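First the structure, in the form of structure tokens, and then the observations on it.
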Amino acid sequence: MTQDEKIAFEEQARILLNEIVTDALSRDSKVFILTDTNTQQWCYPVFAEKIDGLTAHMIPITIPSGEINKTLESVSYIWKQLTTHQAGRDAVLINLGGGMISDIGGFAASCFKRGIRTIHIPTSLLSMIDASIGGKTAIDFMWYKNLIGTFYPAESILIFPEFLNSLPLPQIRSGLGEIIKYSLISDPDLLTFLPPKQHIAAITTELLRACIHVKQQITLQDPKEKGLRKVLNFGHTAGHAIESYFLEEADVVTHGEAVAAGVLVALWLSVTVVGLSKEILKDYQDLYLQYFVPLEFTSKSIPDIVERMRHDKKNLGEETRFVLLRSPGQPVIDQTIDPTLIEQALHYYLSIKYRYHGDTKNQ
Ligand SMILES: NC(=O)c1ccc[n+]([C@@H]2O[C@H](COP(=O)([O-])OP(=O)(O)OC[C@H]3O[C@@H](n4cnc5c(N)ncnc54)[C@H](O)[C@@H]3O)[C@@H](O)[C@H]2O)c1
């Protein structure tokens with residue numbers, strides 16, 4: 001199976017957007033534009049400039065922002081809007097937002113009338129280089145991340161780097177977490193494109209293109225995650241568990257921040273289980289501390305986080321599975337890890353936190 005996602009940048013993306021919308025409207029197809037409350041405020045005006053005069057003929061749908069709203073209730077609201085405005089199977093849903101919007105919009109589009117046309121216009125760094133590409137859609141359910149979802153590639157993914165101008169710095173940092181992950185599993189040279197730590201918003205189009213290339217190459221070869229695509233989950237077994245732990249604690253941890261922490265956990269396990277060199281772990285730890293502040297949880301939370309990993313979609317039965325790294329660019333999938341060892345890896349992560357704070361006392 002091949003994926004038909006078309007990825008266009010800047011001026012080409014603008015032309016394609018105008019073609020798609022003009023063509024759909026000329027056939028009397030309904031065109032919907034999905035935003036969250038933030039992207040409605042910050043990105044919709046930029047979008048409207050790109051599609052001169054056509055927004056008057058489009059139907060806006062706005063949902064509350066934040067991962068906490070990537071829920072069945074929000075999907076239900078989107079479906080109600082599509083139904084109320086008589087969306088046919090030829091309707092187009094444009095998802096203007098970060099990964100939360102491409103995940104939920106893609107999911108809503110994939111099920112409505114068994115699938116309507118969908119276009120992603122990613123507005124966060126993480127969604128430009130990762131979430132919008134490769135066709136995975138999802139919502140969270142009962143506090144578990146991405147428990148319900150489909151494979152449904154967008155027809156087109158339109159990249160406008162200028163949306164990053166309004167993106168808050170913690171969200172830029174979140175994208176950097178996934179970029180560093182790409183560099184470890186695929187192409188260590190990506191690190192040369194990283195922005196300076198004093199000016200992390202200086203994201204170049206070169207960096208975006210290089211990351212998109214990595215994600216596209218992997219997902220094209222294995223669209224349904226039967227094998228190779230699993231390498232993209234590097235850092236995500238622990239990362240998702242940490243993210244879901246903080247989500248339930250109502251504390252704000254971005255996806256990429258949780259993944260960056262999960263990468264450290266996976267690297268520690270890689271040293272212990274598949275013989276990754278300790279220097280790589282040390283180098284990554286230094287890089288991590290340049291861009292991220294270690295997350296605030298204590299050893300008391302570790303059993304809860306380990307328990308959350310048991311619900312990971314990548315598991316087989318009761319076993320918790322990790323992607324590990326033999327050396328940079330050489331990930332190994334489907335590694336079953338004993339819970340005791342996972343606990344040790346999380347203790348290692350906490351030891352970095354205490355070193356970072358200059359505090360020798362463990363809690
Ligand atoms: N489907 C996939 O393959 C895949 C891959 C990675 C992540 N994801 C999912 O993506 C989500 C994380 O994506 P995200 O980090 O983009 O989160 P997000 O969509 O929640 O965006 C983060 C915040 O930034 C705001 N925002 C987005 N663009 C903005 C802009 N240009 N200006 C101002 N504010 C802006 C949003 O409103 C939100 O408050 C998670 O749900 C994760 O599970 C999916």
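The values are calculated or read from the model by the stated rules, or taken from the named source; none is laboratory data. It should be emphasised that the depicted structure is a prediction, and the values quoted were computed from it without experimental measurement. Counting neighbours? That spans all protein chains shown, and the Cβs are built from the backbone with ideal geometry, glycine included.
Can you pull out the residues in segment 99-119 that are crowded, with 24+ Cβ neighbours inside 10 Å and more than 10 Å from the ligand (Cβ to nearest atom)? Residues satisfying the conditions are GLY105, ALA108, ALA109, THR118, ILE119.
Highlighted here are the strands (runs of 3 or more DSSP E) found entirely within segment 20-97 that include at least 3 residues which are β-branched (Val, Ile, Thr) and closer than 25 Å to GLU5 by Cα: 31-36, 59-63.
Candidates GLU307, GLU296: the one that is at pLDDT below 95, out of contact with any strand residue (DSSP E or B) (no Cβ under 8 Å at 6 or more places or on another chain), assigned by TED's automatic domain parsing to the domain that holds ALA238 and in a loop (DSSP other than H, G, I, E, B) is GLU296.
Exactly one residue among THR39, THR35, THR22, THR62 is away from the ligand (no atom under 16 Å from the Cβ), at pLDDT 95 or above and assigned by TED's automatic domain parsing to the domain that holds LEU96, and that residue is THR22. A count restricted to segment 245-259 and to residues that are more than 10 Å from the ligand (Cβ to nearest atom) and not aliphatic (A, V, I, L, M) stands at 5. Scanning segment 120-139 for residues that are hydroxyl-bearing (Ser, Thr, Tyr), assigned to a loop (DSSP other than H, G, I, E, B) and near the ligand (Cβ under 6 Å from one of its atoms) yields THR123, SER124.
Screening PRO339 with (1) in contact (Cβ under 8 Å) with a residue 40 or more places away in the chain; (2) under 16 Å from GLY239 (Cα atoms) gives one miss only, at (1).
Residue pairs whose Cβ atoms lie under 6 Å apart, separated by 6 or more positions or on different chains, with the first residue in segment 164-183 and outside any helix (DSSP H, G or I) and the second buried (at least 24 other Cβ atoms within 10 Å of the Cβ), are LEU167/SER124.
Screening the candidates GLN290, GLN198 for the property of being touching a Lys or Arg at 6+ places or on another chain (Cβ under 6 Å), surrounded by fewer than 21 Cβ atoms within 10 Å (Cβ to Cβ) and at pLDDT below 95 yields one hit, GLN290.
All conditions but one from (1) in contact (Cβ under 8 Å) with a residue 12 or more places away in the chain; (2) more than 8 Å from the ligand (Cβ to nearest atom); (3) of a type in the set (A, V, I, L, M, F, W, C) apply to MET142; the one that does not is (1). The set of residues from segment 65-94 being modelled with pLDDT of 95 or more, closer than 23 Å to PRO161 by Cα and near the ligand (Cβ under 10 Å from one of its atoms) comprises just one member, SER65.
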